[in-house]
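Student: I have a structure here, written as structure tokens, and I will follow up with some questions on it.
The values are calculated or read from the model by the stated rules, or taken from the named source; none is laboratory data. None of the values given here were measured: they were computed from a predicted structure. As a convention, Cβ positions derive from the backbone with ideal geometry for all residues, glycine included, and neighbour counts pool all protein chains shown. Calculation scope for accessible area: heavy atoms of the full protein, side chains included, ligands and nucleic acids excluded. Shrake-Rupley method; radii C 1.70, N 1.55, O 1.52, S 1.80 Å.
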Amino acid sequence: MQFSADEHFAKQLDAEDPLRGFRDKFHLPIGKDGEPVIYFAGNSLGLMPKSAREIVDQELDNWAKLGVDAHHATGTPWYTYHEPLREPMARLMGAKPLEVVCMNSLTVNIHLMMATFYRPTKSRFKILMEEPAFPSDTYAIKTQIAHHGLNSREALILASPRKGESIVRTEDVVDLIERNGDALAIVMIGAINFFTGQLYDVERITAAAQKHGIIAGFDLAHAIGNVPLALHDWNLDFAVWCSYKYLNAGPGAVGGAFVHERHATNPKLPRLAGWFGNDPNTRFRLHLEPEFVPVPSADGWQISNPPIFSMAPLGASLAIFGEAGGMQPLRVKSVKLTAYLEFLLMEIGSSKFSIITPADPNARGCQVSILAQEHPKGLHNELVAGGVKCDFREPNVIRVAPTPLYNTFHEVWRFVQILARHQ
């Protein structure tokens, strides 16, 4: 569509927004002036759904009134607390319910998936990642390599941007897979890069890897709740995610894992086992049934019982996603928000900053990463002082993420006015 830099145009876009009512379902942080800040940090921590407090309070009441009996005696029994989350989570990621489990944190789930899928041999032991990958992913992968007595300098292959570019081209990832096809054991990439905001062609990378018998795994931390996904149809082997960013489940909220049906129903796959991954029919026979019998679904990788208080807010957020109609209407607004932001940034023009996030809407999500050429920390501090909550990533990138559930077009307009005054 044709955009305008006029403030009235931004307000008109908000008036016409079919999702505008969802902003009222979240608590908005208040600035020093008593007004809501421009919260563009949903890529770090999503805002709190107003309904989350009631859900958490209910479980606190159950604990207080019922004690151990709350595992079975309430409308939301703790023993099966993860199960109602399965279907709405599967819908968000284009998966079958049996392929999805909410559990642990993202990095713990990386280790659990690697324990199953990284089975290095003398000839096939290498892992391909993007550069830069999120540090926790890198730490996990390097320690997995070391755990097998290998050297990461030999076993780790990094797909890097070409000289003078900021993003990793999909064709370069595919080329690395082709050239190392016989040596690669796993391709492990963030579906959306935390630094640049680039959305990778997950389906194409998966197909390229599996053509050579390579396991394809993805970190969805910045993708889930941000862009439409079709994990089952794309044929990923596994994926992991956190839920405190675009899923708005709160700090330290439970993460999750996707294991494709062909693996999830295979009881012979090796894994690090725990009692909640065991067949529920014999789970409480405890020492009388000492052999592990995995649940024939992604639940077979579950280690422990559900963490109720870090899981309850996720239910509140998933209900909002369902009310909004899932990812498709959210994606329509998100594409328009980021396009409008890009338009306004280009309108003010500057030699002092540039956008490193791809211009192609199909190659990005909510986040736009702005590379500041001069005094980047100072510019970020001025944005914060102006009532903007965004984040700074060394050495010179400011990440802004207008999210469709609670951000507005007028906030995008105001952000660019503040940036223009200080850049």
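Student: Relative contact order of region 337-423, please, whole-number percent, based on alpha carbon pairs below 8 angstrom and at least 6 residues apart. Mind dumping the intermediate values first?
Tutor: Numbers: 108 pairs, mean separation 29.7, N = 87.
Reported as a whole number, the value is 34 percent.
Student: Another one. Given a Förster distance of 60 Å, report the FRET efficiency between Glu35 and Asp182 from their Cβ-Cβ distance, rounded to the nearest 0.05.
Tutor: Details: r = 59 Å, r/R0 = 0.99.
The pair Glu35/Asp182 has a calculated efficiency of 0.50.
Student: Take the solvent-accessible surface of the protein heavy atoms, probe 1.4 Å, and return the percent of it on region 291-423 that carbon and sulfur atoms account for.
Tutor: Details: 2700 of 4950 Å².
Here carbon and sulfur together make up 54 percent of the probe-accessible area.
Student: Specify the inter-centroid distance of region 1-70 and region 337-396, based on alpha-carbon positions, in whole Å.
Tutor: First find each Cα centre; the distance between them is then 23 Å.
Student: Quick one: if you stick a label point 7 Å off each Cα along the C-beta vector at Ser4 and Phe309, how many nm between them?
Tutor: 5.2 nm
Student: Further question on the same structure: For Thr282, tell me the accessible area in Å² from a 1.4 Å probe, rounded to the nearest 10.
Tutor: 30 Å²
Student: Excluding residues fewer than 8 places away in the same chain, name every one of the lysines whose C-alpha is closer than 17 Å to that of Lys32.
Tutor: Qualifying lysines at Cα under 17 Å: Lys389.
Student: May I pose another question? Explain nothing, just the number: relative contact order of region 348-392, from Cα pairs under 8 Å at least 6 residues apart, as a whole percent. If you can, show how the numbers build up before the last one.
Tutor: Numbers: 33 pairs, mean separation 14.5, N = 45.
Relative contact order, region 348-392: 32 percent.
Student: With respect to the cross-link table entries Lys25/Lys333; Lys96/Lys142; Lys50/Lys96; Lys96/Lys245, which display a Cα-Cα separation exceeding 21 Å?
Tutor: Details: Lys25/Lys333 17 Å; Lys96/Lys142 31 Å; Lys50/Lys96 29 Å; Lys96/Lys245 23 Å.
Pairs exceeding 21 Å: Lys96/Lys142; Lys50/Lys96; Lys96/Lys245.
Student: Only residues of region 17-36 count here: report those whose backbone N is under 14 Å from the spot 7 Å along Cα→Cβ of Ser51, or say none.
Tutor: The answer is 22-27.
Student: Per residue and in cubic angstrom, what volume does the convex hull of the Cα atoms of region 230-375 have?
Tutor: Considering the Cα atoms of region 230-375, their hull volume per residue is 172 Å³.
Student: A follow-up question, please. What is the percent carbon and sulfur in the accessible area of region 94-246, measuring with a 1.4 Å probe over the protein chains and ignoring ligands? Kindly include the intermediate steps, with their values, before the conclusion.
Tutor: Details: 2910 of 5700 Å².
Whole-percent figure for carbon plus sulfur exposure: 51.
Student: What is the gain in length, in nm to one decimal, between Gln373 and Ala230 on full extension, counting 0.36 nm per residue of separation less the C-alpha to C-alpha distance? Don't skip to the answer; put the middle values down first.
Tutor: On the way: separation 143, 0.36 × 143 = 51.48 nm, distance 3.75 nm.
Stretched fully, the Gln373-Ala230 segment lengthens by 47.7 nm.
Student: Take every DSSP beta bridge whose two residues both sit in region 114-216, then give the antiparallel share in percent to the nearest 5.
Tutor: Percent antiparallel among DSSP bridges in region 114-216 is about 10.
Student: Also, quick follow-up: How many times 2.2 N^0.38 Å is the alpha carbon radius of gyration of the chain?
Tutor: On the way: Rg = 22.3 Å, N = 423, 2.2 N^0.38 = 21.9 Å.
For the chain, the normalised Cα radius of gyration comes out at 1.02.
Student: Could I ask something else about it? Which percentage, to the nearest 5, of the DSSP beta bridges contained in the chain is antiparallel? Please list the in-between numbers first.
Tutor: Numbers: 22 of 40 bridges.
Rounded to the nearest five, the antiparallel share is 55 percent.
Student: Still on this structure: Would you mind getting the accessible area per residue of the chain, heavy atoms of the protein chains only, 1.4 Å probe, in Å²?
Tutor: Details: 18350 Å² over 423 residues.
Each residue of the chain exposes 43 Å² on average to a 1.4 Å probe.
Student: What is the log10 of I(q)/I(0) for region 255-335, computed with the Debye formula using one identical point scatterer on each Cα and no solvent, at q = 0.13 Å⁻¹?
Tutor: Debye output, listed in q order: -0.58.
Student: R0 = 35 Å: FRET efficiency of Ser350 with Ala319, Cβ-based, nearest 0.05? The partial results should precede the final answer.
Tutor: On the way: r = 42 Å, r/R0 = 1.19.
Working from the Cβ atoms, E equals 0.25.
Student: Looking at region 105-177 from every direction and averaging, what is the projected area of its Cα convex hull in nm²?
Tutor: Values: hull surface 21.9 nm².
Reported value for the Cα convex hull: 5.5 nm².
Student: Also, quick follow-up: Which residues among region 249-277 fall inside the zone where the amide N is under 16 Å from a point 7 Å beyond the Cα of Trp63, along Cα→Cβ?
Tutor: Of the residues in region 249-277, 251-254 have backbone N under 16 Å from the label point off Trp63.
Student: Stretched out fully, how many nm does the piece from Asp175 to Asn266 gain, at 0.36 nm a residue minus the Cα gap?
Tutor: Contour length minus Cα-Cα distance gives 29.6 nm.
Student: Could you check the spin-label model distance between Glu154 and Arg204? Points 7 Å from the Cα along Cα→Cβ, value in nm.
Tutor: 3.4 nm
Student: Given only helices, namely DSSP H runs of n ≥ 4 each adding -39500 (n - 2.57), what is the per-residue ellipticity at 222 nm of the chain, to the nearest 500 deg cm²/dmol?
Tutor: Values: 14 runs with 155 residues, N = 423.
Taking each H run of at least 4 residues, the total per residue is -11000 deg cm²/dmol.
Student: I would also like to ask the following. Please list Glu16, Glu165, Glu342 from largest to smallest accessible area, probe radius 1.4 Å, with all protein chains kept in place. Present the calculation step by step, with values, prior to reporting the outcome.
Tutor: Working: Glu16 115, Glu165 70, Glu342 45 Å².
Per-residue accessible area, sorted high to low, gives Glu16, Glu165, Glu342.
Student: Can I ask one more? Over region 309-372, what is the mean sequence separation of C-alpha contacts under 8 Å (at least six apart), divided by residue count, expressed as relative contact order in percent?
Tutor: 28 percent
Student: Let me ask you something else. So which GluC sites (Glu not before Pro) in region 344-423 are both in a DSSP loop and have at most 14 other Cβ atoms within 10 Å of their Cβ?
Tutor: Numbers: sites: Glu347, Glu374, Glu382, Glu411; in loops: Glu374.
Here the sparse-neighbourhood loop sites are Glu374.
Student: Name all residues of region 239-280 having a backbone nitrogen under 11 Å from the label point set 7 Å from the Cα of His147 along its Cα→Cβ direction, giving them as ranges.
Tutor: From region 239-280, the list is 271-273.
Student: Could you tell me what % of all Cα pairs in region 173-217 have separations over 11 Å? Please list the in-between numbers first.
Tutor: Working: 617 of 990 pairs.
Value for region 173-217: 62 percent of Cα pairs lie more than 11 Å apart.
Student: Here's another thing I want to ask about it. May I have the pair-distance distribution P(r) for region 177-297, computed from all Cα-Cα distances with 10 Å bins from 0 and rounded to whole percent?
Tutor: 12, 34, 32, 18, 4, 0
Student: Which three extents, in whole angstrom, do the alpha-carbon atoms of region 1-65 cover along their principal axes, largest first?
Tutor: Answer, in whole Å and largest first: 57, 29, 22 Å.
Student: Give the separation of the Cα centroids, region 202-241 to region 271-292, in Å.
Tutor: 30 Å
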